[in-house]
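A short write-up of the structure that comes next.
The values are calculated or read from the model by the stated rules, or taken from the named source; none is laboratory data. None of these values were measured; they are calculated from a predicted model. Because the Cβ atoms are built from the backbone with ideal geometry, glycine has one as well, and the counts that use them run over all protein chains shown. Ligands, DNA and RNA are excluded from the accessible area calculation, which covers all protein heavy atoms including side chains. Shrake-Rupley method; radii C 1.70, N 1.55, O 1.52, S 1.80 Å.
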Amino acid sequence: MIPLSWYLILAAALFCIGTYGVLARRNAIAILMGVELMLNAVILNLLAFWRYGEPTTAVGQAFAAFVYAVAAAEVAVGLALIVVIYRSRRTTDIDQINLLKW
Amino acid sequence: MDLRQLLELLTVLIPLPPFLAFAFIVLFFNRWKRLSHSIAIGAMALSFLMAQFVFWTVVGWGGEALYEHPVAVSIPWLPSADVALEMGVFVDPLTAVTLFFVSITCLAIFIYSVGYMHGDPRYSRFFAYISLFATGMLGLTVSDNLLMLFIFWEIMGLCSYLLIGFWFEKPSAYRAAIKAFLTTRIGDVIMLIGIAYLYTQTGTLSFDAILRNEEVLHELAITPSVIPTLSVAAAVGLLIFAGTVGKSAQFPLHVWLPDAMEGPTPVSAMIHAATMVSAGVYLVVRMFPLLAVGLEHAAGTPPMVAMAVIGTFSAVFAATIAVAQNDIKRVLAYSTISQLAYMVAALGIGAYIAAAFHLVTHAFFKALLFLGSGSVIIGAHHEQDMMKMGGLAKRMPVTFWTFLIGGLALSGFPIITAGFWSKDEILAHAWAHNPTVFWALAAGALLTAFYTMRQICLTFLGEPRSHHAEHAHETPWVMTGPLVMLALFALFFGFVGVPEDFPVIGEVGKALFHGNWFHHFVGATLGEAPEALPFNPIPVSISVGAALLGLLVGWLVYGRQPLAEGQTDPLVRWLGPVHTVLRNKYYIDEFYGLVIIRPTFWLAKAAYEWIDRGLIDGILHGLARLGELWGILNRWVHRYIIDGGMVDGSAKLVGAIGREFRQALQTGQVQHYLISVLFFLCTFALLYLLYLGVTP
């Protein structure tokens, strides 16, 4: 059986890639994709801990299902926001969307 | 409701109508003169009817029955800790008789005032004040304890002050008001101390619990007081008697009463002759069981000795002054002092019933005399100097005849006047108990008869000695009506108290009133009427002789050959310097001025100049100055150090830091924010792992 640490390392790598994407990409859609990667890393963690922790109950899978549902809703809202922003400002470049300040 | 409950209710209600009249006049009807006097007289008439109903009902029961079951009702008032001061009414024979004469004289005087005060600018206010006064007197009469009595006593003192100074435009009037108020205050304060002392000793002030309880009285009589050689009963008695000395104007606190004549004449009649000054005597009559307790062991208790001495002295002293006065009201004022002193002296020798009897008859004839003098004053166009009157008998016949009746009653004219019977009673007791008192009072009676005759002759006989007297006119019926009514009482009231073994008339009294009605009824206030003195012709002859001799001498001096205009009083020639002394009232006012008032003024001035202005104000000003300096310092510190340095400084500092941070951190770009989130997250995670998480 593959040791737990492999899964965790994979999940951590995925999370870091996602984080990098969120922090470094300029395109808002790419940032959303980064967020999805981070969520996937979380799901991977959850499933791995479930499998190695308490495989008799289906809590890990239930969590994973919830996270997918939330992620889908989040993407829907996020994409809608981006569409609205694009319509008003004609760009999806995050550097130019800087109104979130005093 | 049975009769007793009805009586209790009525007794409680007696003082109420005049009080409501006072309130309504003061609050609402000040502008309507007719309405004001209607309300006042209506209220007084209501009280009169209730008082008379109570009186006649209890008379029907008889004195002993009333003593056994007095009309009494009380409610707790001012509860404090485990005791409550009671407030209530109490009607025993003495109260009943007092209610009788107070309500009659008050009503007569209310009606008379309509005529006397006619046209006065403060007409309504006058009726408001006398209504309040009537409340005070009626309330005092029905009170069942000393505290309530004292409250009503002070209400009357206030009314007396307000009414003496009623014409306050006159400096003499307001000075007299202040003088009366302050002088009676001396007595009242001492009396209040007495009441408080009594309360500390007995824990109650109720008449019922103290005066009708042998044990309490005995206890008080044997307990030594704080003053050596005096029992508590004696000390309290002396203190309370001081209240009487002030209120009833006995020497040495008599000085206020003659000056009180500055007030309107109905006030002089009601307050300063018939009722309020009588309240002083009523108080000592009421407290007599306390004053006399222990009498069986000694010739006289200390309060009684004091009363005998002060009463006898004041009686003669005031009578001598009255001889030399020319103001028609001042003569009456001194005669009031003198007559009240008779009652006090009578109490001093134990003649309880005689004092009460003289109290009632005096109220009637003295009210009559004052109202008569008021009628003269109005008739003679506000002339008060008897030297400027004369010949008014023809011009004012009703006033003359009623005044004559009052004067004869005051002199004790035998048989046909009420004053004779009561004064004779006092003299008979004095003869039996104390010859010194007897001879002094007989001399007083002689002087009384003399100055009364002098007054009547100077006022009514001969020819007018001034323009005003010449054009005098009879007063309207509202004034003469009360005069006639009071004259009837001054003539006939004496017959209720005729000694049973008095020749001829005693038999008539027996037939009409079953003997000496007054003696039996009022005597029952002490439980059992004391034995009446056996008839003794000697004091009666002497008192009749004194009265007739005084009247005769007065007639010879002033009546046979009336004074002409501008002629001086023959007494001035005969008495010389003595007359001057009498005329100036023994210089007592001047003496008080020199010994008490002047030093008080100096003391007050010194206190004002040195202590108040110099010391206290100095300290205060110093403190204020200190505070001001402190304030200036504070202001400086505040403005430059706190405001300028600390508050503004720190604000500026925070502002500057904030600006820097804002520009550095708040870019508005989500990614920058996320970086800081990540940074702090990692930092805290690291810390957690290092210090908490790793250690198992």
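Look at the dipole of chain B built from charges on Cβ: of B:287, B:646, B:677, the Cα furthest out on the positive end belongs to B:646.
Taking amide H as placed 1.01 Å from N in the peptide plane, residue B:145 has its amide H under 5 Å from the amide H of B:88, B:207, each at least 5 places away in sequence or on another chain.
Straight-line cross-link reach from residue A:101 at under 16 Å between alpha-carbon atoms covers these aspartates and glutamates, not counting any fewer than eight positions away in the same chain: B:660. For the stretch B:35-127, the Cα gyration tensor yields ellipsoid semi-axes of 33, 21, 9 Å (square root of five times each eigenvalue, largest first, whole Å).
Using a 1.4 Å probe over protein heavy atoms, the accessible area lost on pairing A with B, summed over both chains, comes to approximately 1000 Å². Pairwise inverse Cα distances across the protein assembly as shown, averaged and inverted, put the Kirkwood hydrodynamic radius at 33.0 Å.
I want to verify the translational diffusion coefficient of the stretch B:573-696 in µm²/s; compute it with Stokes-Einstein, Rh as the Kirkwood radius over Cα pairs, at 25 °C and 0.890 mPa s. Estimated diffusion coefficient is 100 µm²/s. The share of accessible area on chain A that comes from carbon and sulfur is 72 percent, using a 1.4 angstrom probe.
Using the structure shown, list the pairs from B:366/B:388; B:33/B:585; B:394/B:585; B:394/B:423 with a Cα-Cα distance above 28 Å, or answer none. Too far apart for the 28 Å limit: B:33/B:585; B:394/B:585; B:394/B:423. Interface burial in the stretch A:63-102, defined as at least 20 Å² less accessible area with all protein chains than with the chain alone at a 1.4 Å probe, covers A:94, A:95, A:98, A:100, A:101, A:102.
The trypsin sites (Lys or Arg not before Pro) of the stretch B:1-86 meeting both criteria, a DSSP state outside H, G, I, E and B (loop) and at most 13 other C-beta atoms within 10 angstrom of the site's C-beta, are B:31.
In the stretch B:637-671, burial by the other protein chains removes 20 Å² or more of 1.4 Å probe accessible surface, compared with the chain on its own, from B:662, B:666, B:667, B:668, B:669, B:670, B:671. Computed over the stretch B:235-292, the percent of Cα pairs more than 17 Å apart is 40.
Of the Cα atoms belonging to the stretch B:306-367, the radius of gyration and Dmax stand at 11.7, 35 Å.
Name the shape class, rounded, prolate or oblate, that the alpha-carbon gyration tensor gives for the stretch B:130-250, where a ≥ b ≥ c are the square roots of its eigenvalues, rounded holds for a/c under 1.5, and otherwise prolate holds if a/b is larger than b/c and oblate otherwise. Here the stretch B:130-250 falls in the oblate category.
Pairs over the 22 Å Cα-Cα cut-off, from the set B:170/B:247; B:247/B:605; B:179/B:247; B:170/B:329; B:179/B:329: B:170/B:247; B:247/B:605. Per residue, the convex hull around the alpha carbon atoms of the stretch B:193-306 comes to 111 Å³. Taking a ≥ b ≥ c as the square roots of the Cα gyration tensor eigenvalues, with a/c under 1.5 meaning rounded and otherwise prolate when a/b beats b/c, else oblate, which class fits the stretch B:278-337? Oblate. When nucleic acids and ligands are ignored and a 1.4 Å probe is applied, residue B:568 ends up with an accessible area of around 90 Å². Averaged per residue, chain B has 43 square angstrom of accessible surface, using a 1.4 angstrom probe with ligands and nucleic acids left out.
Magnitude of the charge dipole for the stretch B:1-154, about its Cα centre and with charges confined to Cβ atoms of Lys, Arg (+1) and Asp, Glu (-1), is about 1020 debye.
Over the stretch B:466-602, the fraction of Cα-Cα pairs per 10 Å bin, rounded to whole percents and listed from the shortest bin up, is 9, 17, 22, 23, 23, 6, 0.
The residue list B:558, B:372, B:97 was ranked by how far each Cα lies along the charge dipole of the protein assembly as shown toward its positive end, using unit charges on Cβ atoms, and B:372 comes out on top. Here the stretch B:474-631 is assigned +1 on the Cβ of each Lys and Arg and -1 on the Cβ of each Asp and Glu. Its dipole about the Cα centre then comes out at about 480 debye.
Take the Kirkwood radius over Cα pairs of the stretch B:480-531, plug it into Stokes-Einstein at 4 °C and 1.567 mPa s, and you get 108 µm²/s for translational diffusion. Ignoring the sites themselves, chain B has its longest run without chymotrypsin sites (Phe, Trp or Tyr not before Pro) in a DSSP loop having at most 14 other Cβ atoms within 10 Å at B:169-534. Remark on chain B: hydrodynamic radius 28.4 angstrom, per the Kirkwood mean of 1/r across alpha carbon pairs. Basic side chains Lys and Arg get +1 at the Cβ, acidic Asp and Glu get -1 at the Cβ, and with that the dipole of the protein assembly as shown about its Cα centre reaches some 3240 debye. When the Cα gyration tensor is reduced to axis lengths a ≥ b ≥ c, the ratio a/c is 1.5 or higher for the stretch A:24-95, and with a/b not above b/c it is classed as oblate. Couplings 3J(HN,Hα) of the stretch B:434-444, computed from phi: 8, x, 4, 4, 4, 5, 5, 5, 5, 4, x Hz, in residue order, whole Hz [Karplus 6.51 cos²θ - 1.76 cosθ + 1.60, θ = phi - 60°; x for Gly and Pro].
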